[in-house]
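One structure is given below, encoded as structure tokens.
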Amino acid sequence: MIESLAQLQQLMRHQGAVRLYAKSLAKNDNSKNQVYLGGGFSALNIIPHGDIYNDSDIRAGSKRDRAKAPVRFFWVDESGRYQAPDATLILYPKYPEVRISGFLKGCSKGPTDLMSFPAVEKRVLFFGICANGDVLGLVVPPESTLAQEVRARNWEETGVFLEISLNENAEQTSTKNILLAHLKALYLRNWISSQKLSADGVKMPYSARNGGGYTLEAELGITPNGYSEPDFMGWEVKQYGVADFEKFSAKSPVTLMTPEPTGGIYKEKGAENFLRAYGYADQSGKENRINFGGIYTCHRSFHNMTGLRMVLEGYDQESSKITDMQGGILLLDRNDKIAASWSFSGIMAHWNRKHAQAAYIPSLFRNPPPEYAYGARILLCEETDFLLFLKALSAGIVYYDPAVKMEQADTVKPIIKRRSQFRVKHPQVTKLYHQHEIKNLIDK
């Protein structure tokens, strides 16, 4: 039996956990009523999950609208781990909230005594998060020594969760403090040669002008990736160029994510057909090149070059809620044909995994040789929610700024370059998070 925090930390580390969270359970948190994981969809930041899919039907004359996502969930103890194969996150847009269900069904050794109905309050449920996406569960009764030890300490809160250190030291060393310590070391180094980390972890010189992010990632040991996962210990790390470290005015907007469309002509008939239907000849005179660009917001009408406009379908701006989980972001032509679309389920998973916690670091550039210096004034943003993204999108704060092009357009095999960007001006990035703060590394 796990009786102390030190034993819990040791068990979770042994089972492969890289982060550990705790939640105090109410009476209704049980196998019958599911376990409540918080309002909004921010729990998706904490619990790794599979693809989100719609589970909407009509029963007894009323429509049930929700989405689900599978979880690789295992109950653990000193003897090993036991999978709950039906564990599932359930997203309720009506409230909105997230719950987890199916955590006992089919499990060979689950804590039925503590998680079945009826249940007592103040049980403590622990979630160990593994690097491969496995979720480890352990629950203890309210009177246990472990539950009392957790309640007696001050832990960082993330929504309904407490972030528990995996360190056995009495004082918690948070991932935030570890990140800030690394960034301070970079700041003190001043100018750093432009570089990029190779796939095998070797720092290589990098001469292109867009090396600010690559250099920062290389110094933090972050291998460049094209998938939707955070960079450093759960933190998305973003640098932005500035003219000086006094005004901190960003030279360009923040690219939030670059998801490919999941529907419409772009998906069904391919990017080439999409470009030939809605693209336009290169405006600088480059021959045989078709571009698709421009700024698209929910407040703008049809773009004069492409004939498309952007709308949010299945979202109510007044209540800031999703009204139809099968909706999404649409690009419509003048005949209301869907040229491209992004489903809520697809873009939601992308957003929450990548933007749970983000650090924005200012940088200076000089040449030759190409070098970067990183500032001491760090913007830290935490607790995002997909609903905040949709709210900003509906208000025109977040916008679609594509850079899709087709070269050698008159040949049998044209060259197509895809980049579907959702962007925001740097001063408005804080509207996408529930919490933000400025940390001055000089004060640390």
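The values are calculated or read from the model by the stated rules, or taken from the named source; none is laboratory data. Predicted, not measured: the structure shown is a model, and the values here were computed from it. Cβ: placed from backbone, ideal geometry, glycine included. Neighbour counts: every protein chain shown. In case anyone asks, the SASA skips ligands and DNA or RNA and just uses the protein heavy atoms, side chains included. Shrake-Rupley method; radii C 1.70, N 1.55, O 1.52, S 1.80 Å.
Table for the structure above
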read-out: Packing rank of 283-296, 79-92, where each peptide gets the mean count of other beta carbons within 10 Å, highest leading; value: 79-92, 283-296
read-out: Sequence-separation-based contact order of the chain, relative, with Cα cut under 8 Å and 6+ spacing, percent; value: 16
read-out: Rounded FRET efficiency, nearest 0.05, which uses the C-beta distance separating ASP410 from GLN10 and R0 of 56 Å; value: 0.30
read-out: P(r) tail fraction, the chain - alpha-carbon pairs more than 30 Å apart, %; value: 52
read-out: FRET efficiency, GLN326 to GLU260 (Cβ-Cβ, R0 22 Å, nearest 0.05); value: 0.70
read-out: Relative contact order for the stretch 188-273, counting Cα pairs under 8 Å that sit 6 or more residues apart, in percent; value: 17
read-out: Local electrostatic count, PHE302, Cβ distance below 14 Å [Lys/Arg +1, Asp/Glu -1]; value: +2
read-out: Spacing of the two label points (7 Å from each Cα toward its C-beta) at THR223 and PHE245, in nm; value: 3.2
read-out: Accessible area per residue, Å², the stretch 6-57 with all protein chains present, probe 1.4 Å; value: 41
read-out: Fraction of beta bridges assigned by DSSP in the stretch 96-165 that are antiparallel (%, nearest 5); value: 100
read-out: Amide H contacts under 5 Å for THR306, placed H, 5+ residues apart; value: none
read-out: Among beta bridges that DSSP assigns inside the chain, antiparallel share in %, nearest 5; value: 90
read-out: Along principal axes, Cα extents of the stretch 318-400, largest first, whole Å; value: 52, 30, 21
read-out: Spacing of the two label points (7 Å from each Cα toward its C-beta) at GLN283 and PHE302, in nm; value: 1.9
read-out: Placed amide H near SER31: partners under 5 Å, 5+ positions off or other chain; value: SER116, PHE117
read-out: Mean ellipticity per residue at 222 nm, deg cm²/dmol - from DSSP H runs of n ≥ 4 across the chain, formula -39500 (n - 2.57); value: -5000 deg cm²/dmol
read-out: Dipole of the stretch 181-298, positive end: most advanced residue of ASN190, SER284, SER207 [Cβ charges, Cα centre]; value: SER284
read-out: The chain, accessible surface, carbon-and-sulfur percent (1.4 angstrom probe); value: 47
read-out: Over 22 Å between alpha carbons, listed pairs LYS267/LYS405; LYS286/LYS405; LYS391/LYS425; LYS337/LYS391; value: LYS337/LYS391
read-out: Probe 1.4 Å, protein heavy atoms only - accessible area per residue of the stretch 349-444 in square angstrom; value: 41
read-out: Stretchable slack from ALA185 to HIS436, in nm (0.36 nm times residue separation minus alpha-carbon distance); value: 88.1 nm
read-out: Debye intensity ratio in log₁₀ form over the Cα atoms of the stretch 116-239, taken at each q of 0.15 Å⁻¹; value: -0.85
read-out: Order by protection proxy (mean Cβ within 10 Å, highest first), peptides 409-421, 94-106; value: 94-106, 409-421
read-out: Residues listed by number, the stretch 360-390, amide nitrogen under 19 Å from SER319 label point at 7 Å toward C-beta; value: 386-390
